[in-house]
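As structure tokens, the structure follows; a few thoughts come after it.
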Amino acid sequence: FQQLVHQMTELCWEKCMDKPGPKLDSRAETCFVNCVERFIDTSQFILNRLEQTQKSKSAFSESLSD
């Protein structure tokens, strides 16, 4: 989990921060929100895909055993 948070922070920081300052401007804030949401969506999609693949492999293995 910590690794995912680190990756998300690094990715979104590089993408959204032009010049660090004392406050986030509205453009940077919007960029961060969108970046984090897309990162979460993508992570969830990959997790679901891996689960489906694992289930398919398990079902295939079981059918070979029968």
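A few comments on the model shown:
- Sorting 3-13, 30-40, 47-57 by their mean Cβ neighbour count within 10 Å, with the most densely packed peptide first, gives 30-40, 3-13, 47-57.
- Under 14 Å, Cβ to Cβ, from residue 44 - net charge with Lys/Arg +1 and Asp/Glu -1: -1
- Which labelled figure in (i) 1.35; (ii) 2.05; (iii) 1.74 is Cα Rg over 2.2 N^0.38 Å, once derived from the coordinates: (iii)
- Pairwise FRET efficiency - residue 48 versus residue 13, Cβ, R0 = 35 Å, nearest 0.05: 0.85
- Calculated FRET efficiency for the pair residue 2/residue 26, C-beta based, R₀ 25 Å, to 0.05: 0.25
- Using heavy atoms of the protein chains and a probe of 1.4 Å, the accessible area assigned to residue 41 is about 80 Å².
- Rounded to whole Hz, the Karplus (6.51, -1.76, 1.60) HN-Hα couplings of the stretch 15-21, x for glycine and proline: 6, 9, 9, 7, 9, x, x
The values are calculated or read from the model by the stated rules, or taken from the named source; none is laboratory data. Model, not experiment: these values are computed from the prediction. In this analysis, Cβ positions are derived from the backbone assuming ideal geometry, glycine residues included, and neighbour counts consider all displayed protein chains. For the accessible areas, the whole protein counts, side chains as well, though only heavy atoms, and no ligand, DNA or RNA atoms are used. Shrake-Rupley method; radii C 1.70, N 1.55, O 1.52, S 1.80 Å.
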